[in-house]
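The values are calculated or read from the model by the stated rules, or taken from the named source; none is laboratory data. Since we're looking at a predicted model, the values are computed, not measured. Accessible surface areas use protein heavy atoms only, side chains included; no ligands, DNA or RNA. Shrake-Rupley method; radii C 1.70, N 1.55, O 1.52, S 1.80 Å.
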Amino acid sequence: MPITVQRLRLAAGIKAKAQRNRWTHEPTLLSAVQLAARLDIPVNWIYVQIRRKRLLIDQQSTGAYLFQNSPAVVNAVRDLRNRTINHLDLRIIQPHQEGHQHA
């Protein structure tokens, strides 16, 4: 339906407001869209790699995937894209937590 609304709006000459960001996040992080733009690749490629488990990354509670805005991460995703590497794990490793003892 959003496509239909967009077509109607464009046909009627109604300008849309500036596109909203779906998620807000720290400037030290990149959304999948921002990372794709930085690497000049389709954002869908990133989502396909996540689904295929070639790119492992924690999903935020909002549903977003956020990447560290660092040369190491950007270069690693570029290496995955160029098939220099076959797998990339960017998950945050949680320290092992002991379970509760019940008396």
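Things worth noting here:
- Counting only heavy atoms of the protein chains and using a 1.4 Å probe, Asp89 has close to 70 Å² of accessible surface.
- Rel. contact order, % - alpha carbon contacts under 8 angstrom, at least six apart, the stretch 30-94: 36 percent
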